Amino acid sequence: MNKDGDIQMEILRDLFYTNRSISKKALMSMAKNWPIIFTGLFYSIATIILLMSLGSFWILGGLVWIIATSALISNYLYLLNTILNRGYFNFQDFKDGFTPYLRKVWSILFISYVANLIIGFISPMIVSSIGPNAFSLIIVFLTFIFFNPIPETTYQKYYGPWETVTYTINFVRDNWIEWFVPNIILLVIFYFITGGYINIFGIISNVFNYFISFSTMFTSIRGLLAYFIGQVWFSYFMIYRAYLFETLSASNRRKRLFMREF
């Protein structure tokens, strides 16, 4: 077998053994931490209440929105980190989770806001040649590719906001096959098991995903079932990503294959 063939086999072996191990760990963690399924309902209700009350804050509404949203994201990331490091979470962890990553998430969202301002400034020159829909799809695609592991970098690495962004880009550069192959497979499964009721585009286009919309619950019995199944799979998906990121960020392909020999 030639050198290219050896590399391809090495990649396939690493994908198979790494994800076989992670799928088992994620399934066991999911079974032990099944209450995380219902956090999505809490985040959905909290977001609705927040939206309804923003008018009371007048010009400070935008600031309140960013802080409250960052607190909810912090809470979810804290639960994932607790599952990853301790194996389980309890109600006290849920109560404690609103502040540990609040400043970091808030700062990353601000960086995103500045980036959007810059994109908005230069976009007219690009939109005029390719059209607004194509431009929007390009932005979503680039965001998904370069910043997809930002949640995991946020709670697994002790970096500042800007270093979190740059580390994420470097991580994707070094692990794009190992990261995106299982992620895309899990997203495709998510789409099919929910029967298309859940908007998968929302998961792809957002950097920080911490719940799925529960609007499908009110459409029909099938919609309610789709939401519950989707929330179960989404929770498994995020726990899976936690273990996958931990593994990939701590080793390279050759090291992982070498360690499996012992």
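The values are calculated or read from the model by the stated rules, or taken from the named source; none is laboratory data. What you see is a predicted model, and the numbers here were worked out from it, not measured in a lab. Reconstructed Cβ throughout: ideal geometry from the backbone, glycine too, with neighbour counts over all protein chains shown. Please note that ligands, DNA and RNA were not included when accessible areas were found on the heavy atoms of the full protein model with its side chains. Shrake-Rupley method; radii C 1.70, N 1.55, O 1.52, S 1.80 Å.
Quick check on my filter: what residues within the stretch 155-172 are in contact (Cβ under 8 Å) with a residue 24 or more places away in the chain and among the aliphatic types (A, V, I, L, M)?
Passing the criteria: VAL165, VAL172.
Given ILE59, ILE7, which one is open to solvent by 100 Å² or more (accessible area, probe 1.4 Å) and β-branched (Val, Ile, Thr)?
ILE59
Having 3 or more residues that are closer than 22 Å to ARG241 by Cα is the bar; report the helices (runs of 4 or more DSSP H) wholly within the stretch 17-124 that clear it.
39-53, 61-86
For the subset of the stretch 158-168 comprising residues that are touching a helix residue (DSSP H, G or I) at 6+ places or on another chain (Cβ under 8 Å) and surrounded by fewer than 16 Cβ atoms within 10 Å (Cβ to Cβ), which member is nearest to VAL114 (Cα to Cα)?
This residue is TRP162.
Pairs only if they're at least six apart or on different chains, beta carbon under 8 angstrom, first in the stretch 111-135 and closer than 23 Å to PHE208 by Cβ, second open to solvent by 80 Å² or more (accessible area, probe 1.4 Å) and assigned to a helix (DSSP H, G or I); list them, first residue then second.
From the stretch 111-135, the pairs are ILE111/TRP162.
Which ones in the stretch 69-105 are within 24 Å of ILE49 (Cα to Cα), of a type in the set (S, T, N, Q) and surrounded by fewer than 17 Cβ atoms within 10 Å (Cβ to Cβ)?
Listed by number, the residues that qualify are GLN92, THR99.
Select from the stretch 106-123 the residues that are more than 13 Å from GLY62 (Cβ to Cβ) and either in contact with a Lys or Arg (Cβ under 8 Å, 6 or more places away or on another chain) or surrounded by 11 or more Cβ atoms within 10 Å (Cβ to Cβ) (or both) and list them in ascending order.
Result: SER107, ILE108, ILE111, SER112, ALA115, ASN116, ILE119, SER123.
State which residue pairs qualify: first residue closer than 11 Å to ILE212 by Cα and among the hydroxyl-bearing types (Ser, Thr, Tyr) and inside the stretch 231-244, second residue open to solvent by less than 10 Å² (accessible area, probe 1.4 Å) and modelled with pLDDT of 95 or more in any location, beta carbons under 6 Å apart, and separation of 6 or more residues or different chains.
Within 6 Å, the pairs are SER235/ILE36.
Cβ-Cβ below 7 Å, separation at least six or inter-chain, first residue in the stretch 69-92 and over 18 Å from MET30 (Cβ atoms), second of a type in the set (Asp, Glu) and crowded, with 23+ Cβ neighbours inside 10 Å: which pairs?
From the stretch 69-92, no pairs qualify.
Go through the residues of the stretch 191-204 one by one and say whether even a single one is open to solvent by less than 40 Å² (accessible area, probe 1.4 Å), at pLDDT below 90, outside any helix (DSSP H, G or I) and of a type outside the set (Ser, Thr, Tyr).
Looking for residues that are open to solvent by less than 40 Å² (accessible area, probe 1.4 Å), at pLDDT below 90, outside any helix (DSSP H, G or I) and of a type outside the set (Ser, Thr, Tyr), one finds at least one in the stretch 191-204, hence yes.
Which ones in the stretch 20-39 are open to solvent by less than 20 Å² (accessible area, probe 1.4 Å) and over 12 Å from TRP233 (Cα atoms)?
ILE22, SER29, ASN33, THR39
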